[in-house]
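The values are calculated or read from the model by the stated rules, or taken from the named source; none is laboratory data. Computed from a prediction, not measured in an experiment: that's the story for all the values here. When we count neighbours, we look across all protein chains shown, and the Cβ atoms used for this are built from the backbone with ideal geometry, even at glycine. Heavy atoms of the whole protein, side chains included, go into the accessibility calculation; ligands, DNA and RNA do not. Shrake-Rupley method; radii C 1.70, N 1.55, O 1.52, S 1.80 Å.
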Amino acid sequence: MSTASSRGRIMVIGAHPDDCEIKCGGTAALWAKAGFAVRFVSATNGGTGHHAIGGIELVQRRIAEAAAAAKVIGIESQIMEFTNGDLEPTLANRKVFMKVIRDFKPDLILTHRPNDYHPDHRYTSQLVQDSAYVLTVPNNLPTTPALRDNPIIAYLSDTFQKPIPFQPDVVVGIDAVLETKVDMLHCHVSQFYEWLPYNQRKEHEVPSENRARREWLKQQRIPFDRDCADRYRSKLVELYGPEKGGAFKYAEAFEVCEYGSPLTEEKRRALFPFVA
């Protein structure tokens, strides 16, 4: 475990400025409450995620939204400079990822799986995976100090079935912080109240009043976390016991990537102390 934080250092690398909140906002809130250092990283700047605005106006707006969401739970936010849709798993881009990871010195990295509908998700995953191990090799990117240990890497959950379905190693009950997660998502106005409703042809459903909008968003998003708890109920019961594991309504799940260090039981208890 890194000595830079008494509890540990968690880096979540999503492809877009709202991906981290969607996939592990609840778990991040639990980490923050437990004293972990947490950083949300967006591999792209969000500059194409809108139907009416773009360019520097949208990029600056999405950076501000991500910062506001991180502030809700007191964690760090970092937006990389790649443009949406332009991310590629090149050697040059791998070096950018390596520097971002080495600078933070994470004990655990969470990112997308490499089989995903969106190329930005796929290539973010590949770049993280390609950075694994060489993060510890000083002569790879010698201007940035190498890590002494390869971080643990785990995937954020998804429902894609091919070539292989998501298989969780850790499932976290997030009932206690569900409202906090919604507060984080609520900060991403450009996405959840503008772009995504437009893209899904339901912009007419979005309320105009702030409190009503938040409640609308909650009803739109919580089914995903409810489905996660139900789908991986057996893992919740295994980790929390029958009574507690059977009672959770909402959850987030993570699958260990073989390219990072192994998640031993000792490390699992240290990195997920609220799972018991």
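Determine the principal axes of the Cα atoms in the stretch 87-179, then give the extent along each, sorted from largest to smallest and rounded to whole angstroms.
42, 30, 23
Of Pro165, Asn84, Ala253, which is farthest on the positive side of the dipole of the chain, counting Cα position, with +1 on Lys and Arg Cβ, -1 on Asp and Glu Cβ, and the Cα centre as origin?
Ala253
Sort Lys105, Lys162 by accessible area with a 1.4 Å probe, largest first.
From most accessible down to least: Lys162, Lys105.
Sorted by packing (mean other beta-carbon atoms within 10 Å per residue), highest first, where do 80-86, 262-268, 179-185, 106-112 land?
In decreasing order of mean packing, 80-86, 262-268, 179-185, 106-112 become 106-112, 179-185, 80-86, 262-268.
Of Ser125, Val137, Leu156, which is farthest along the charge dipole of the stretch 116-199 in the positive direction, counting Lys and Arg as +1 and Asp and Glu as -1 at C-beta?
Checking the options against the dipole of the stretch 116-199, the answer is Val137.
What does the charge dipole of the stretch 1-122 about its Cα centre add up to, to the nearest 20 debye, if the Cβ of each Lys and Arg holds +1 and the Cβ of each Asp and Glu holds -1?
Value, rounded to 20: 520 debye.
About the Cα centre of the stretch 209-274, how large is the charge dipole given +1 on each Lys and Arg Cβ and -1 on each Asp and Glu Cβ? Please answer in debye to the nearest 20.
So the magnitude is around 340 debye.
What does the convex hull of the Cα atoms come to per residue for the stretch 206-276, in Å³?
Cα-based convex hull of the stretch 206-276, divided per residue, equals 134 Å³.
With every protein chain kept in place and ligands, DNA and RNA left out, what is the accessible area per residue of the chain? Probe 1.4 Å, answer in Å².
46
I'd like the distance separating the alpha-carbon centroids of the stretch 188-255 and the stretch 92-124, in whole Å.
Spelled out, the Cα-based centre of one part sits 24 Å from the other.
Post the alpha-carbon centroid distance, the stretch 166-183 to the stretch 1-75, in whole angstrom.
When both Cα centres are located, 16 Å separates them.
On the principal axes of its Cα set, how long, how wide and how thick is the stretch 154-219? Give whole Å, largest value first.
40, 30, 16
Go ahead and estimate [θ] at 222 nm for the chain from helices alone: -39,500 (n - 2.57) per DSSP H run with n ≥ 4, summed, over the residue count, rounded to 500.
My calculation for the chain gives -13000 deg cm²/dmol from helical runs alone.
Heads up, I need the accessible area for Tyr259: 1.4 angstrom probe, whole protein in place, Å², nearest 10.
My reading of the accessible area for Tyr259 is about 120 Å².
I need the fraction of alpha carbon pairs in the stretch 1-97 separated by more than 21 Å, rounded to a whole percent.
37
Between Gly46, Ala28, Gly14, whose Cα lies farthest towards the positive end of the dipole of the stretch 4-46 when Lys and Arg beta carbons carry +1 and Asp and Glu beta carbons carry -1, centred on the Cα centre?
So the residue we want is Ala28.
Determine the share of the stretch 119-276's accessible area contributed by carbon and sulfur atoms, expressed in whole percent, with a 1.4 angstrom probe.
That fraction is 50 percent.
Ratio of Rg to Rh for the chain, alpha carbon only, Kirkwood?
0.95
For the stretch 161-263, calculate the relative contact order in percent as a whole number, restricting contacts to Cα pairs under 8 Å that are 6 or more residues apart.
About 44 percent, as a whole number.
Over 18 Å between C-alpha atoms is what I'm after, so list which of Lys105/Lys267; Lys71/Lys202; Lys23/Lys95; Lys181/Lys267; Lys71/Lys95 land there.
In this structure, Lys71/Lys202; Lys23/Lys95; Lys181/Lys267; Lys71/Lys95 exceed 18 Å between Cα atoms.
Just want to confirm a number: the relative contact order over the chain, from Cα pairs under 8 angstrom separated by 6+ residues, in percent.
The normalised contact order for the chain reaches 22 percent.
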